[in-house]
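One structure is given below, encoded as structure tokens.
Read-outs throughout are calculated quantities, based only on the coordinates presented, and are distinct from any laboratory measurement. The model shown is predicted, which means the values in this text are computed figures rather than measured ones. Quick reminder, even Gly has a Cβ in these numbers, built from the backbone with ideal geometry, and neighbours come from all protein chains shown.
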Amino acid sequence: MKLGAFSISLNVKDLKASRTFYEKLGFVVMGGDADQGWQMLASGDTILGLYQGHIPANTLTFNPGWDQSAQPVDGDWDDIREIQDQLKAQGLTLTLECPTDGTGPAHIALEDPDGNAILIDQHR
């Protein structure tokens, strides 16, 4: 199963303070919109999403069809609907499912055995 790019999405109290902190650790802003309360930061291949008021908890995020630079991957990748079918076939329970018909952007969610949120969010 090809889950795509990986990032940690953090639910932050103060976007500016969090961005400043992570910039001191060597991260640089690579996208997002501070006025909307979210920004994406990168340090090498490590991607960190900062979200103020957008997500209820820290979340492991995967983006099928994207590389670590948020660019479309060349060649073969697994569509979110294929991933959903594979996860369900393995007996996993999804907390959010996407429609099985159609193509393009969609997302699904599940939790690991410890309750950590996992978002699989396809943008293409």
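A few remarks follow.
- Ignoring lysines fewer than eight residues from Lys16 along the same chain, the ones with Cα atoms less than 22 angstrom from its Cα are Lys24.
- Ratio of Rg to Rh over segment 30-78 (Cα coordinates, Kirkwood Rh, two decimals): 1.01
- Under 18 Å of direct C-alpha separation, and excluding same-chain neighbours fewer than eight residues apart, Lys13 reaches these aspartates and glutamates: Glu23, Asp33, Asp35.
- Local net charge near Leu96, Cβ-Cβ under 11 Å (Lys/Arg +1, Asp/Glu -1): -3
- Sequence-distant contacts, meaning Cα pairs under 8 Å at least 6 residues apart, place the relative contact order of the chain at 27 percent.
- Of all DSSP bridge pairs formed entirely within the chain, close to 75 percent run antiparallel.
- Kirkwood Rh in Å, taken over segment 76-119 so that all alpha-carbon pairs contribute: 11.0
- Global form of segment 52-100, assessed from the alpha-carbon gyration tensor, a/c cut-off 1.5: oblate
- Placing unit charges on the Cβ atoms only, positive for Lys and Arg and negative for Asp and Glu, gives segment 11-124 a dipole magnitude near 540 debye about its Cα centre.
- Translational diffusion coefficient (Stokes-Einstein; Kirkwood radius from C-alpha pairs) of segment 1-66 at 20 °C, 1.002 mPa s, in µm²/s: 178
- Theoretical ellipticity at 222 nm over the chain - DSSP helices of four or more residues, -39500 (n - 2.57) apiece, nearest 500: -4500 deg cm²/dmol
- Gyration tensor (alpha-carbon) shape descriptor, the chain, a/c threshold 1.5: prolate
- Remark: segment 66-81, residue by residue, has Karplus-estimated 3J(HN,Hα) of 10, 9, 5, 9, 6, 10, x, 6, 7, x, 7, 8, 8, 5, 4, 5 Hz, where x stands for each Gly or Pro and the curve is 6.51 cos²θ - 1.76 cosθ + 1.60 at θ = phi - 60°.
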